[in-house]
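Accompanying notes for the structure given below.
Taken together, the values in this text are just the output of simple stated rules run on the coordinates, not laboratory data. From a predicted model like this one, the values you see are computed outputs, not experimental measurements. Cβ: placed from backbone, ideal geometry, glycine included. Neighbour counts: every protein chain shown.
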Amino acid sequence: MASEAATLIPLSAVEPGMIEEVLDRAFGPDRHARTAYRIRAGMDWLETLSFAALDEGELLVGTIQCWPVALIDNDGNAVPLVMVGPVAVLPERQGEGFGHGLMAAMLDAEARMAANGSPSFPQVLIGDPDYYSRFGFNANSTGGWRCPGPYEPERLLARGAALSAMPEEGVLGPWNPAGGIAGRD
């Protein structure tokens, strides 16, 4: 498997233009219109949970980014989450295990942070249930959650021990720990 020869590095070590190129190639130049971009609008990705995959020739072949978001319940209370994605791999390198390696690195980093006493937040993503179920993601808790744009409800997936304490209903949006939801009063 090619991912065995991959080198995973912090995404912050990669030049931003190279990240954008991988994202454009993986998802197309119209990717900014996707609902996930609305959910995390105005936020910076979380450096401790975001990685890049380099192949054996040190070529950037994939990235994973995680973002601070929140579920805003019907009373306006914001409950923090981590939005996973995009998980991007160059089209010609998909199916070689790079996406799996990036997901495993992110989950391992999250587990190490939790073991060291950092708060552990449930993770949410919009993606293929068959692929992401292997990492513990499912739609069992997200049926009453809404997104600020079009999405397929069966693709709104979450994981984490704290899901049982999450509101059953709410809308996803950017998280600003100092002031609640970014862009809201």
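Dipole magnitude of the range 1-58 about its Cα centre, charges +1 at Lys/Arg Cβ and -1 at Asp/Glu Cβ only, in debye to the nearest 20?
480 debye
For the range 2-174, what is the largest minus smallest coordinate of the Cα atoms on each principal axis, given in angstrom and ordered from greatest to least?
Dimensions of the range 2-174 along the principal axes of its Cα atoms: 51, 38, 29 Å.
Restrict the search to the range 4-96; then list the trypsin sites (Lys or Arg not before Pro) that DSSP places in a loop and that have at most 16 other Cβ atoms within 10 Å of their Cβ.
Within the range 4-96, no trypsin sites (Lys or Arg not before Pro) qualify (loop, at most 16 other Cβ atoms within 10 Å).
Explain nothing, just the number: dipole magnitude of the range 2-174 about its Cα centre with +1 on each Lys and Arg Cβ and -1 on each Asp and Glu Cβ, in debye rounded to the nearest 20.
Its charge dipole is roughly 400 debye.
Which of the trypsin sites (Lys or Arg not before Pro) found in the range 94-185 are in a DSSP loop and have at most 16 neighbouring Cβ atoms, other than their own, within 10 Å?
Those satisfying the criteria are Arg184.
Would you mind estimating how fast the range 104-172 diffuses translationally, via Stokes-Einstein at 10 °C and 1.306 mPa s with the Kirkwood radius over Cα pairs, in µm²/s?
For the chosen part, D equals 124 µm²/s.
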